[in-house]
Every structure is written in structure tokens, then in C-alpha cells.
Amino acid sequence: MNVKWGGEMLKKVLTGLFSFVFVFSLAGCFSDPIQDDILSYSNEEMTKAHELEDTAVSAYNEVTGQNYTDDETMYATLVDDVIPTYNEFISELNNTHVETDELREIHELIIQGANTQYNAFVKIAHALEDQDADAIEEANGMLDDAKKNFRDYQHQLDKLAKEHDVEWKEEK
């Protein structure tokens, strides 16, 4: 059987082809809402939160481990610097605007980790007041749990970013 490419048949084929090309060209015009959310989250929403966390954790690190001098100095730093700044960090996290469910679920991990770490800092301050070594040990376990939450948060955020073609730039 011989099929002729008459006017009507050609019109149908060309209409189908143009429709196909039009749909794909439009797809390139629309952005990925998750990608947009990750970029806004990382570049704008979380900037102040990260600064607050860095300030609090740096103050804590200045009086712990190899930098530890005495309980009084550590207690004063916790009560005067670390705990208030970390509380501000948590407030900032709770006020962070997240558009998509996928990113919101990941953001909850950092909130969970921050709350655990905050409670550990408070427990350490109370333990120093009471000279309670068991409470210090418990607080150290809480700090380990917080670190796990922060690692999970970063892993999940990296995974979501990769799935939506977001690349992180190294800070200098």
C-alpha cells in the first residue's frame, strides 16, 4: 500500500512535531522550585543562622578541650555568650522561610540538632553549678547526638542539592 504525504497528512505530522518542540522548549523556561528553594535557603535564609552558630560554637570551643582553664571561666562563657547566642540561632532557624516540603523536612534535622545541642549546653552549665560529673557525661552524649543530626542534615541537603543540580562553592 502506498501512502501519500498529502496536505492533510503533512499538516498533522507538522502540527504534532511543532507541539512536541514547543512543549520541550517551554520546559526549559520553567525553573525547578526545589532548586530555587535550596539556593534561596543557602544563600539568603541561612546566612545569619550560620553566623550565630559559628559565634556560639567558637565561644564554646575557646573554653573546652585543650582550651579549658577552669570551671568558672567555662560557666561564665556558657551563660554569658554560648547559651544566649545559641538561643538566638534557634530562633533564627525557626523563622527561616522554606518553600518546599522536601527542603522543610531536611531543615527539621538542623532544628532538631540545634535543640539537642542547646539543651546540652544548658545541662553543662547546670552541671558546672552543681559539680555533677554524671550530668556532664550525659551532656556530652547529647552533643554527640546533635553532631549526628548535623551530619544527617548536611548529607540530606547535599543529596537534595545534587538531585536538583545545585553545586556548592567552597568558601575561602
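Computed from the coordinates by the stated procedures, all read-outs in this text should not be read as laboratory data. Computed from a predicted structure; not experimentally measured. Please note: Cβ atoms are built from the backbone with ideal geometry, for glycine as well, and neighbour counts cover all protein chains shown.
Here are the numbers for the structure shown:
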{"quantity": "Protection-proxy order for peptides 35-41, 63-69, 152-158, each taking the mean of Cβ atoms within 10 Å per residue, highest first", "calculated": "35-41, 152-158, 63-69"}
{"quantity": "Protection proxy ranking of 130-142, 110-122 - average other beta-carbon atoms within 10 Å, highest first", "calculated": "110-122, 130-142"}
{"quantity": "Rg/Rg_globular for region 33-163, with Rg_globular taken as 2.2 N^0.38 Å and Rg from C-alpha atoms", "calculated": "1.14"}
{"quantity": "Linear extension gain, V57 paired with D130, 0.36 nm per residue minus alpha-carbon span", "calculated": "24.0 nm"}
{"quantity": "Rounded FRET efficiency, nearest 0.05, which uses the C-beta distance separating D144 from K169 and R0 of 45 Å", "calculated": "0.90"}
